[in-house]
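Structure, as structure tokens:
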Amino acid sequence: MLVLDANILIRAVLGTQVRGLFAQYGGQIEFLAPDVAFDEARRWLPELIERRKMTTGPFMAYFESLASVVGMVGPEVYADFERVARQRLARRDENDWPILATALALRCPMWTEDTDFFGCGVATWTTDRVELLLAEVRH
């Protein structure tokens, strides 16, 4: 299992590297993200797509299809870890507590580009390194 931050969902839509990793490992690794990560990505994607002067429709359609690759985790799973997640993210970006709380609840690592998670007590992987973990877990 691997918990994804909203920025990874956005990268899956706008780039090729994350999309390729999903294609390669999607049937073998359980990718998960809290509901709020999906909400955040859904909120930011139209603006990011428009800035790139691209058509929103196909990108948002791909985003909606991510539900077949990335499981959505609801607050019933992570809510009990809110306090400890907020403590660990204090003086950083406490609004990201659901990502950390999900990783804590499921006892698994995170995949993010957000350095606020570094040093929070959960293994944190960035896109340039996550394939090391994916290849290891797959075998």
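The values are calculated or read from the model by the stated rules, or taken from the named source; none is laboratory data. Quick caveat: nothing in here was measured; it's all calculated off a predicted structure. So basically every Cβ, Gly included, is an ideal-geometry build from the backbone, and we count neighbours across all protein chains shown.
Observations
- Residue under evaluation residue 137, criteria (1) under 19 Å from residue 10 (Cβ atoms); (2) touching a residue at least 60 places away in the same chain (Cβ under 8 Å), criterion not met: (1)
- Of all residues in segment 72-95 being at pLDDT below 95 and of a type in the set (D, E, K, R), the one that is surrounded by the fewest Cβ atoms within 10 Å (Cβ to Cβ): 91
- Residue tally, condition surrounded by 11 or more Cβ atoms within 10 Å (Cβ to Cβ), touching a Phe, Trp or Tyr at 6+ places or on another chain (Cβ under 9 Å) and modelled with pLDDT under 95, over segment 112-137: 5
- Candidates 39, 5: the one that is closer than 21 Å to residue 93 by Cβ, buried (at least 21 other Cβ atoms within 10 Å of the Cβ) and not β-branched (Val, Ile, Thr) is 5.
- Those helices (runs of 4 or more DSSP H) of segment 4-115 in which 1 or more residues are touching a strand residue (DSSP E or B) at 6+ places or on another chain (Cβ under 9 Å) occupy 6-14, 17-25, 35-51, 75-78, 97-106.
- Considered as a group, the residues in segment 42-58 that are at pLDDT 95 or above and closer than 27 Å to residue 27 by Cα include one that is surrounded by the most Cβ atoms within 10 Å (Cβ to Cβ), and that residue is 45.
- Any hit, segment 96-104, residues being at pLDDT below 95, under 22 Å from residue 12 (Cβ atoms) and touching a Lys or Arg at 6+ places or on another chain (Cβ under 7 Å): no
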